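Student: Submitted below is the structure of interest, expressed as structure tokens.
The values are calculated or read from the model by the stated rules, or taken from the named source; none is laboratory data. Note that the coordinates shown come from a computational prediction; the quantities given were computed from them, not determined experimentally. Here the Cβ positions follow ideal geometry from the backbone for every residue, glycine too, while neighbour counts run over all protein chains shown.
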Amino acid sequence: MSSSYFTDLAQQYIDGRWRPGTGSWDIIDFNPYDGEKLASITIATVDEVDEAYRAAARAQKEWAATNPYARRAVFEKALRIVEEREQEIAEVIVAELGGTRLKAGFELHLAKEFLRESVNLALRPEGKIIPSPGDTKENRLYLVPVGVVGVISPFNFPFLLSLKSVAPALALGNGVVLKPHQNTPIVGGSLVAKIFEDAGLPAGLLNVVITDIAEIGDAFLEHPVPKVISFTGSDKVGRHVATVCAAHFKRSILELGGNSALVVLDDADVDYAVDAAVFSRFVHQGQVCMAANRILVDRSVETEFTEKFVAKVKSLKVGDPSNPETVIGPVINSSQADALSSVVSQALAEGATALVRGSTTDNLVEPTVLTGLPAASDILRQEIFGPVALLVPFDGEEEAVRIVNDTPYGLSGAVHTADVERGVSFAKRIDTGMFHVNDGTVHDEPLVAFGGEKSSGVGRLNGEATVEAFTTQKWISVQHGRSFFPF
């Protein structure tokens, strides 16, 4: 059944119609594990981006005026559809992303949690009556939809990270145009549209354009209709998105890269810290913005931790992501595999030692564990989107804090210690949007503000932050008496 997704959904979805793009070339969707061609999708042009935004703007007015209890029913049905088709969707995640069975389950679990929260979000916006200096004046502050939201989603968790913006934006009364990553056009794009179409979302409210900036340039960002652009991806592209949005007075919500550290203090439970570190670094081949790039270990436990960490990493099964025993599948494409080889070669040239040196076969990149990196190494400060772990020893908390903060990024992180309050004190000193005590670095929950500091992004999503992101405030005053005008 899942293979039909790649034939039936290999189209644009604009104004409630499935149709091919009119561009002059096709995006080819490949399975990153075996290179199988999954789909061929003729790209959308600037005209189709315009049609998608215009359709969303037309449909949005009536949708915003719809009773939120009626809107809520669409999300309840969408959740049921995902639950019913969970096995099929998991197959598509494995095929298109090279995600393991474990990863597909992880992504689907979170996607369902966020859909459940969208059911509630439809009823969340609340207005206020605010006092006025005038005795007979009433100030009403309404929370209203922004109008239309443009969503750009990444390739690593495309189903979750598309839904995470699309569903709340719709629930809060907006229209949406979604542009998925070229490597995951089905899971991150048309599959989301199909679920909402089947759930009864009115035509035109959600549109999916599968295209490339080589074809459309900045048209998706510059278009006059969208008031908010929600982007998840690299900080390099995010910087460009922010610049274009600012020039056009649009709000941008930017969820960007990370260089998270997992810190093992001298009183940590070493075995538990090893488990947390291995998961935090190697989940989905390390292609996670919150992944623990750097694993910092107090010298007093360095030998024990390193020995156990290396042993566990060597035990990870690498291979076919459809095999339930596989922990590490392929990275998304050959350019990513090549980039990871370059990172490792550069580190070794700078004097690092490889405790584990994985080989690369096509897009299968085996785990590598490096230690002894020079303090000035650029690799310690950049995001490594793959299964390469950096072990960094430190002497005491002060040095650990300095090393953790010595990066342009500030997304997530974790610290392991026997003293919870010591962990909290440590976390408060780290320049990140999120930090976890005695846990991994990879977490996302529907009610808790998610986002980063520094080059890891601008703005937050989840819970009240999502309401803030996709609504705007409108002041309506009512004069029950008569105003006095001085002339």
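Student: May I ask you to list the residues in segment 84-107 that are within 20 Å of P387 (Cβ to Cβ) and either without any contact (Cβ under 8 Å) to a residue 24 or more places away in the chain or not assigned by TED's automatic domain parsing to the domain that holds S190 (or both)?
Tutor: Across segment 84-107, the qualifying residues are A104, G105.
Student: Please determine, by comparing only the residues of segment 184-197 that are touching a residue at least 40 places away in the same chain (Cβ under 8 Å) and of a type in the set (A, V, I, L, M), which one is nearest to V119 (Cα to Cα).
Tutor: Restricting to residues being touching a residue at least 40 places away in the same chain (Cβ under 8 Å) and of a type in the set (A, V, I, L, M), the top hit is I195.
Student: Another one. Given the options K308, K314, name the one that is within 22 Å of T441 (Cβ to Cβ), among the charged types (D, E, K, R) and surrounded by fewer than 17 Cβ atoms within 10 Å (Cβ to Cβ).
Tutor: K314
Student: Shifting gears a bit: Consider N293 against the criteria (1) closer than 20 Å to S341 by Cβ; (2) assigned to a helix (DSSP H, G or I): it satisfies all of them except one. Which criterion is unmet?
Tutor: Of everything listed in (1) closer than 20 Å to S341 by Cβ; (2) assigned to a helix (DSSP H, G or I), N293 misses just condition (2).
Student: Within segment 162-183, can one find any residue that is farther than 22 Å from V458 by Cα, touching a residue at least 12 places away in the same chain (Cβ under 8 Å) and under 18 Å from the mean Cα position of the chain (by Cα)?
Tutor: Yes.
Student: Would you tally the residues in segment 6-55 being in a loop (DSSP other than H, G, I, E, B), of a type in the set (G, A, S) and under 30 Å from S322 (Cα atoms)?
Tutor: Going through segment 6-55 one residue at a time, the tally reaches 2.
Student: Consider G23 against the criteria (1) over 17 Å from I186 (Cβ atoms); (2) under 26 Å from the mean Cα position of the chain (by Cα); (3) buried (at least 19 other Cβ atoms within 10 Å of the Cβ): it satisfies all of them except one. Which criterion is unmet?
Tutor: Result: G23 fails condition (2) only.
Student: Now for a different question. What's the number of the only condition in (1) touching a residue at least 24 places away in the same chain (Cβ under 8 Å); (2) in the same structural domain as S341 (by TED's automatic domain parsing); (3) over 18 Å from D275 (Cα atoms); (4) surrounded by 15 or more Cβ atoms within 10 Å (Cβ to Cβ) that T360 fails to meet?
Tutor: (1)
Student: Residues that are assigned to a helix (DSSP H, G or I), farther than 30 Å from G105 by Cβ and not aromatic (F, W, Y): does segment 348-371 have at least one?
Tutor: yes
Student: Test D29 against the criterion of being over 12 Å from Q182 (Cβ atoms) and in contact with a helix residue (DSSP H, G or I) (Cβ under 9 Å, 6 or more places away or on another chain), and give yes or no.
Tutor: no
Student: Hey, another quick one. Taking only segment 236-270 into account, find how many residues are over 18 Å from L390 (Cα atoms) and assigned to a helix (DSSP H, G or I).
Tutor: 12
Student: Shifting gears a bit: Exactly one of (1) within 30 Å of V310 (Cβ to Cβ); (2) buried (at least 24 other Cβ atoms within 10 Å of the Cβ); (3) not basic (K, R) is unmet by S230. Its number?
Tutor: The failed condition is (1).
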